[in-house]
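Peer 1: Just dropping this structure here.
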Amino acid sequence: MFSWLNHFLGNQPIVSVLDIVIVWAVIYTLIKYARKTRTMNLLQGIALILVAKFLSQTIGLQTVDWLLGQVISWGVVALIILFQPELRKALENLGRSLFRNRQSQRNASEQLIDDLEKSLLYMSKRKIGALISIENEDPLLEYISTGIDLDSDVSSQLLINIFIPNTPLHDGAVIISDYRIAAASCYLPLSESRTIPKELGTRHRAAIGLGEVTDALTLIVSEETGAISIVKNDFLHRDLDLEELHQLLLQYLYTDTDEEDQSSFIKIIKDFWNEKTPKQGGNSNE
């Protein structure tokens, strides 16, 4: 059987074919993880350097080829140092995807939805402004770093307490990562879209701005009207009632680990060259 397979594959050893498959799997995973983040710009630069290295070697530009070789050799060490937080996050995500318990993951999603609903409804009735972002696949480390680290369990009581007016942490966004409150008082990127209604404040513009550059889910409570809104992928769901809020939270946050990833490799390759550069952040107050 192995002899037939080797012949079918052009007499290439099975190990060589496996080697190519593993390399492509690593590249695919890397591009998928980095898309819609600042890391994508870095990968585009690396791709251009590799292309330039190939062309200089093919044409015979020895000096240029040597210089690019030095850049590649030392660049690996520099990238590990500069992107240590992103690499750590990627390894944590890999470990969770391999060893997470499916039932506990579902329970964590249900508990998160329950805490969010309780806190949003409480703040809505009292017109307490709030801005809460939940990390999905795209890492939010650059925005978490702008706030105050908490690394605490999510609870409706804590979320409410954070956004009580005139308290130290109420000014800015709360970011939830891996079912924990990573940080509070965070700055989010403000959207520059001219289609945003003028009656919406800075909180809504910050939520939409984050949705334009990441796949995070952001929840807003208006300080003026108490209305609850949700932003996902720069789409704004406004003035939600209890039933609409519950259905959207289920749609965006409930985790069913039996579902397969439907992402297309071709689509990700196209996104590799078409991603937008994140805009500079601003204060996420209404």
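Peer 1: What percentages make up the Cα-Cα pair-distance distribution of region 105-253 when the bins are 5 Å wide from 0?
Peer 2: 2, 10, 22, 25, 24, 13, 3, 0, 0
Peer 1: Follow-up question, since we're still on this one. Go ahead and run the numbers for FRET between V77 and H237, Cβ-Cβ distance against an R0 of 41 Å, rounding to 0.05.
Peer 2: 0.35
Peer 1: Using a 10 Å cut-off on Cβ atoms, rank the peptides 214-220, 245-251 from the highest mean neighbour count down. Show your work: numbers first, answer last.
Peer 2: Details: 214-220: 25.0, 245-251: 15.6.
So the peptides 214-220, 245-251, ranked by packing, come out 214-220, 245-251.
Peer 1: When only Cα pairs under 8 Å and 6 or more residues apart are kept, what is the percent relative contact order across region 105-253? Before the final figure, lay out each step's value.
Peer 2: Values: 280 pairs, mean separation 41.2, N = 149.
After rounding, I find 28 percent.
Peer 1: Ok, one more. Report the label-to-label distance for L48 and S193 in nanometres (one decimal), using points 7 Å from each Cα along the Cα→Cβ vector.
Peer 2: 2.9 nm
Peer 1: Moving on to the next point. Carbon-plus-sulfur fraction of the accessible area of region 105-253, 1.4 Å probe, in percent? It would help to have the intermediate numbers written out before the result.
Peer 2: On the way: 3110 of 6570 Å².
Result for region 105-253: 47 percent of the exposed heavy-atom area is carbon or sulfur.
Peer 1: Which three lengths, in whole Å and largest first, does region 101-190 cover when its Cα atoms are put on their principal axes?
Peer 2: Each principal axis gives a Cα extent; for region 101-190 these are 40, 31, 22 Å.
The values are calculated or read from the model by the stated rules, or taken from the named source; none is laboratory data. What you are looking at is a predicted structure, and each value in this text was computed from that prediction instead of being measured. Note: ideal-geometry Cβ built from the backbone for every residue, glycine included; neighbour counts use all protein chains shown. Accessible surface areas use protein heavy atoms only, side chains included; no ligands, DNA or RNA. Shrake-Rupley method; radii C 1.70, N 1.55, O 1.52, S 1.80 Å.
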